[in-house]
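K.L.:
Just dropping this structure here.
The values are calculated or read from the model by the stated rules, or taken from the named source; none is laboratory data. What you see is a predicted model; the values in this text were computed from it and never measured. Please note: Cβ atoms are built from the backbone with ideal geometry, for glycine as well, and neighbour counts cover all protein chains shown. The area values use the complete protein model at the heavy-atom level, side chains included, leaving out ligands, DNA and RNA. Shrake-Rupley method; radii C 1.70, N 1.55, O 1.52, S 1.80 Å.
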Amino acid sequence: VVAPITIANTTDLQFGDIVAAAGTVIINADGTVGAGTLASTGTQSAGTFDITGDGNKTFSIGIVTVADLTDGTSTIPLSAYTNTEGGATGTLVGGALTLGVGATITLTGAEGAGAYTGSYSVTVDYN
């Protein structure tokens, strides 16, 4: 019998403030700003998730977009997810792990000013 694997979101993925133009903004899984083509200021952060379970067990990681970023009129797609485990599996060293999640957004330049929100899902399961 093993302890159930659990996951809890602790920090939201944030892309910061971006001037509307065609290009990309990348937030790396470690929270740093990647080599996108657009500058981002303000609050930028990777999403972080606390995962707990049976010590030293491996687990699978799934990340999918639930809803692209939108202000109700314009949409900015979320893509190219990365995580601090570097792939589709991780290991619960000592029964716990904080997983960082990064992603890319791609703007066309036609997006209106405003606050954009979206969501993605992170799932974990023992291997």
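K.L.:
If a/c stays under 1.5 just call it rounded; otherwise compare a/b with b/c (prolate if a/b is bigger, oblate if not). Do that for the stretch 65-127, with a ≥ b ≥ c from the square roots of the Cα gyration tensor eigenvalues.
P.N.:
It is prolate, given that a/c is not under 1.5 and a/b is the larger ratio.
K.L.:
Write down the accessible area per residue of the chain in Å², having rolled a 1.4 Å probe over the full set of protein chains.
P.N.:
Accessible surface, normalised per residue, equals 51 Å².
K.L.:
In addition: Using R₀ = 25 Å, calculate the FRET efficiency as 1/(1 + (r/R₀)^6) where r is the Cβ-Cβ separation of residue 120 and residue 54; round to 0.05.
P.N.:
That gives a FRET efficiency of 0.45.
K.L.:
One-quarter of the Cα convex hull surface for the stretch 1-65, in nm²?
P.N.:
Mean orientational projected area (the stretch 1-65, Cα hull): 5.8 nm².
K.L.:
Next up: Compute the FRET efficiency between residue 88 and residue 113 as 1/(1 + (r/R0)^6), taking r as their Cβ-Cβ distance and R0 = 41 Å, and round to the nearest 0.05.
P.N.:
0.65
K.L.:
What's the extension gain from residue 12 to residue 32 if we count 0.36 nm per residue and subtract their Cα-Cα distance?
P.N.:
Gain in length upon complete extension: 5.8 nm.
K.L.:
Right, something else. From the backbone phi of the stretch 17-27, what are the Karplus-calculated ³J(HN,Hα) couplings (6.51 cos²θ - 1.76 cosθ + 1.60, θ = phi - 60°) in whole Hz, Gly and Pro given as x?
P.N.:
9, 10, 6, 4, 6, 6, x, 10, 10, 10, 10
K.L.:
When all alpha-carbon pairs of the chain are counted, what percent fall beyond 24 Å?
P.N.:
In whole percent, the share of Cα-Cα pairs in the chain beyond 24 Å is 31.
K.L.:
Taking 0.36 nm per intervening residue step and subtracting the Cα-Cα distance, what contour gain separates residue 127 from residue 74 on full extension?
P.N.:
That works out to 15.2 nm of additional length.
K.L.:
Once amide H atoms are placed 1.01 Å from N in the peptide plane, what residues at a sequence separation of 5 or more from residue 118, or on another chain, have their amide H within under 5 Å of its amide H?
P.N.:
Answer set, sorted by chain and number: 70.
K.L.:
Given axes a ≥ b ≥ c from the Cα gyration tensor, I'd like to know whether the stretch 27-81 is rounded (a/c under 1.5), prolate (a/b larger than b/c) or oblate.
P.N.:
It is prolate, given that a/c is not under 1.5 and a/b is the larger ratio.
K.L.:
Give me the percent of the accessible area of the chain that comes from carbon and sulfur atoms, probe 1.4 Å, all protein chains in place.
P.N.:
The value for the chain is 54 percent carbon and sulfur by accessible area.
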